[in-house]
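These notes concern the structure reproduced below.
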Amino acid sequence: MTVLAIDIGGTRFAAATIEPAGVITARLEMPVGPDPTATLKDLVARIVVPGLISEEGLTGVGIGVTGPLDAVSGTVSPAGIQAWRDFPLVKTVAGLLPGVPVHLAGEGQMMALGEWWRGPFSEGALLGVVVSSGIGGGLVIEGRPHLGPSGNAGHIGHIRAGEGWESCRCGAVGCVETIASGPSMVRWALANGWQQVVEPTFWAGRPVDARALAADAKRGVPVAVEAFDRAALALATAILTAAALFDVDNVVIGGGVAAAGSTLLNPLRQAVADQAGLGFLRRLRVAPTTLRRDAVLFGAAALAFGCE
Ligand SMILES: [Zn+2]
C-alpha cells in the first residue's frame, strides 16, 4: 500500500511515494518550468515508473497546492502560477494515473496535517501557518483536517489584522499577507529606508528578498527588526483570532520566511503572549516546523490514506 503525495508550490513541485508507516520510498523535486502542466506530467512520469512504483501499486494520490482552490470542481488558481487559472488539477492527475483516486487540499492545510501525522503535534487542535511569498494556513481538529465546503478553510493570510491598509492581491484591503509575507515585509522595509547592508559578496546578483531582510534583522538593523516586529504583530493577531474560534493548542510555523527562525519566532511568541487574554488562549504554543519542506508531502499522503 503506497500513495503518491504531490506538493504544488509557486516555484517548485515535489512528489514522493509514501507508505502507511510514513516511510518515503522515493522523492523528487523539480523547478516549475514555463509550462507548469508539462512540469507536473514530467514529475509524475518520473516517480511512477514500473519497477519503482507502478500505477497498480498506488492506492491513492494526495495533492497539497498553494491556494486558492475549488475542492468541489478539483480546480486550482495558485497565486504564484499565472498559467493556471481554474486549472483542472484533479482531472489532469487522474488522467495520468487512471483508476487511482485523487484528493486535493491546500498547502497550508497539508502542512498542518503532515505535522500532525509525523511531527510532535498530534494532540488537540493544531493550526499550521505557512509564511512565504504569501501566507497560508490550515487546521487539524481532533485528528482531521478542517477543509471547509469549498476546500479553503484556514486562509489565515486573508484575515484583516494589524494596521495595514494596502490592497491585497486577493482583492481585499489590509490582509495579514500585505504585512507579513516575505515580499510585503521587504516592500515595507525598502519604503522605510532599508538599504541592504549584508555582505555584498554573498548577496551579489541576488534579488533583495526576505532572507536578506532576515539577515539584517539578525544583525540588529533597526528597520529590518521593525519589519519583522510588525509582521509578527499582525500574525499574532490573526493566530489568536483563529485560536479563539477553534480552541487551538499548538501553532506550527513553516514556509520560507519562517526559515528566519528566532528572528520571526521570538517577536511572534512575544506578540502572542502580549495579546492573549483568556486562559485557553494563554496556553497556546507556537513552534517552528519539524518536517520543513516534507510537511506538505506527509500531509498529502495522510489525505490520500483517508484522513479527511
Ligand atoms: Zn488578501
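General remarks:
- Applied to region 104-121, the Karplus parametrisation 6.51 cos²θ - 1.76 cosθ + 1.60 on θ = phi - 60° returns per-residue 3J(HN,Hα) values of 10, 7, x, 4, x, 4, 6, 4, 5, 5, x, 5, 5, 6, 10, x, x, 10 Hz, with x for Gly and Pro.
- Relative contact order computed over the chain (Cα-Cα under 8 Å; 6+ residues apart), in percent: 20
- Rg [Å, one decimal], Dmax [Å, integer] - the chain, C-alpha atoms: 19.2, 58
- Neighbour-count ranking [beta-carbon atoms within 10 angstrom, fewest first] of 18, 141: 141, 18
- Counting only alpha carbon atoms, the long axis of helix 222-246 and the longest principal axis of the chain meet at about 60°.
- Stokes-Einstein, applied to the Kirkwood radius of region 120-289 over Cα pairs at a viscosity of 0.890 mPa s and 25 °C, places its translational diffusion at 151 µm² s⁻¹.
- Ranked packing of 142-155, 179-192, most packed first, by mean Cβ within 10 Å: 179-192, 142-155
- J(HN,Hα) series, region 35-45, from Karplus relation 6.51 cos²θ - 1.76 cosθ + 1.60, nearest Hz, glycine and proline x: 10, x, 5, 5, 4, 4, 5, 4, 4, 5, 5
- Taking packing as the residue-averaged number of other Cβ atoms within 10 angstrom, the listed peptides 275-287, 237-249 run from highest to lowest as 237-249, 275-287.
- Backbone geometry of region 155-164 corresponds, through the Karplus equation with coefficients 6.51, -1.76 and 1.60 at θ = phi - 60°, to 3J(HN,Hα) couplings of 6, 5, x, 10, 7, 7, 8, x, 9, x Hz, x marking Gly and Pro.
- Amide H partners (placed H, <5 Å) of residue 175, local residues excluded: 168
- Highest average packing first - 259-268, 79-88, Cβ atoms within 10 Å: 259-268, 79-88
- Annotation: amide H of residue 255 within the under-5 Å range of 131, sequence separation 5 or more or interchain, hydrogens built in the peptide plane.
Just so you know, all these numbers are worked out from the coordinates, no wet-lab data involved. Note that the structure is a prediction, hence the values are computed from the model and not measured. Don't worry about glycine lacking a Cβ; one is built from the backbone with ideal geometry, like all the others, and counts go over all protein chains shown.
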